[in-house]
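Worksheet for the structure shown next.
The values are calculated or read from the model by the stated rules, or taken from the named source; none is laboratory data. Everything numeric here is computed off the predicted structure, so don't read it as measured data. Reconstructed Cβ throughout: ideal geometry from the backbone, glycine too, with neighbour counts over all protein chains shown.
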Amino acid sequence: MELLRKLSERGLIYQMTAEEKLAELLDGSSLSFYIGFDATAGSLHLGHLVPLMIARHLQNDGHKPIIVVGGGTALVGDPSCRSAERPFESKETVSTWADSISIQMEHFLDFKSQDNRALLLDNYSWLSKLNHLEFLRDIGRHFSVNRMLAAESVKLRLETGISFLEFNYSVLQAYDFLHLHREHGCVLQVGGSDQWGNIVAGIDLIRRSEGGETWGFTCPLVTTATGEKMSKSQAGGAIWLDPSLTSPYEYYQFWINVNDKDAIYFLKLYTFIPMDEIEKLALLKGAEIRLVKERLAFETTSLTHGREEALKAEKASRALFAGNGDQEDVPSIEIPSEKLRTGISFLDLFVETGLCPSRSEVRRLAKQGGLYVGETRVSDPVDNLDPENTPESILLRAGKKRYCRVIFK
């Protein structure tokens, strides 16, 4: 049970089927496993990161990942953990999102090696070809409506209402497992804890239709020490893996600003640092915890954005933390110097840089003493910048940790 033990001690396993048999398989010869990600946005976010880490661990141990981007199931919508139906998106939009997500996978998995290279598929390619009548007769007959109604994802929606479309989501995901079992010899599905019912449905479908034996396990829903979901940032928005949505610097800053109580836990989940080294880092106390969080931020940013971007983010973060040093790698924006001469207020500047989402937020932070230009507090954001005394480059800060360097050109 070596591989399962390694995953468990890092906090990556929540529940599983047939533990002893699964442990024997994972410690034996190479097997094919699959993880699915529905294309519900143009990027994955932190909520998807744990399954990706598991896929990497399994591949490193010799097993073959099959990554399914749900271009087909995204058109139906997973009711799990949803209080209402997802907004409908066009096929074209979902297809574009699926392509974007596919590109992000290359940072986490090996798609080139000969022995156990990862396989990337879009389930639209087979779900879109299904004949409805044949599907009902060949696949639908294996599903019990009573059992489907008892599923947690359905029960939670019965009071508010669930459409026939969403009700069928579990059937389609189960069929994905069957298709992959037939075409690629896939015997294991991995997913988040909210996918347990769907995974078990796939295992049952394969047993009923093929007489085959398959397995599944889930990873936990990760929450911070404050009870916040890891898919959301401290400010309430998603932390995306796409650098155009969340920059490498912002990504680095998210990790370095996590709660001290979470730092070691996240090192286990989101890095490949050996456990004996993590145990030594866990001995650090007080101000030394900053070193733990710097290691966490660097390792996670390297994994998602590459070592070079992580080094830039580290350099910028240390410069800002120390209050001096080279700020070249701090997130920046260029603004025409003409705007400075004709008049631009701090109110507009903090919104234009993206440090504040609205002018009302700028006013609120100003009242609380949370707006700065360099080391100078901005008390009245309605004031215009002085064109005669404003240097070519200024550093803005909103709150304690959000920075942007403005370059007038």
(request) For Arg405, state whether it is touching a residue at least 12 places away in the same chain (Cβ under 8 Å), over 30 Å from Met53 (Cβ atoms), touching a Phe, Trp or Tyr at 6+ places or on another chain (Cβ under 7 Å) and part of a strand (DSSP E or B). (result) no
(message) If Asp122 meets every condition in (1) in contact (Cβ under 8 Å) with a residue 40 or more places away in the chain; (2) more than 29 Å from Glu152 (Cα to Cα) apart from one, which number is that one?
(response) (2)
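Which residues, counting only those in the stretch 166-178, are part of a helix (DSSP H, G or I) and within 26 Å of the chain's Cα centre (by Cα)?
Within the stretch 166-178, Glu166, Phe167, Tyr169, Ser170, Val171, Leu172, Gln173, Ala174, Tyr175, Asp176, Phe177 qualify.
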(message) Exactly one condition in (1) part of a helix (DSSP H, G or I); (2) in contact (Cβ under 8 Å) with a residue 24 or more places away in the chain is false for Phe217; which is it?
(response) (1)
(message) I'd like the residue in the stretch 376-408 that is farther than 22 Å from Arg364 by Cα and within 36 Å of the chain's Cα centre (by Cα) and, out of all such residues, is modelled with the lowest pLDDT.
(response) Ser393
(message) Of everything in the stretch 115-134, what is surrounded by 19 or more Cβ atoms within 10 Å (Cβ to Cβ) and within 19 Å of Gln173 (Cβ to Cβ)? Give them in sequence order.
(response) Leu121, Asp122, Asn123, Tyr124, Leu127
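Conditions tested, residue by residue: (1) touching a Ser or Thr at 6+ places or on another chain (Cβ under 8 Å); (2) β-branched (Val, Ile, Thr); (3) under 19 Å from His184 (Cα atoms); (4) not in a loop (DSSP other than H, G, I, E, B).
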{"site": "Asp78", "(1), (2), (3), (4)": "yes, no, no, no"}
{"site": "Arg86", "(1), (2), (3), (4)": "yes, no, no, no"}
{"site": "Thr93", "(1), (2), (3), (4)": "no, yes, no, yes"}
{"site": "Ala98", "(1), (2), (3), (4)": "no, no, no, yes"}
{"site": "Gln104", "(1), (2), (3), (4)": "yes, no, no, yes"}
{"site": "Asp115", "(1), (2), (3), (4)": "yes, no, yes, no"}
{"site": "Trp126", "(1), (2), (3), (4)": "no, no, yes, yes"}
{"site": "Leu130", "(1), (2), (3), (4)": "no, no, yes, no"}
{"site": "Phe135", "(1), (2), (3), (4)": "no, no, no, yes"}
(request) Please determine, by comparing only the residues of the stretch 58-94 that are touching a strand residue (DSSP E or B) at 6+ places or on another chain (Cβ under 8 Å) and of a type in the set (S, T, N, Q), which one is surrounded by the most Cβ atoms within 10 Å (Cβ to Cβ). (result) Thr73
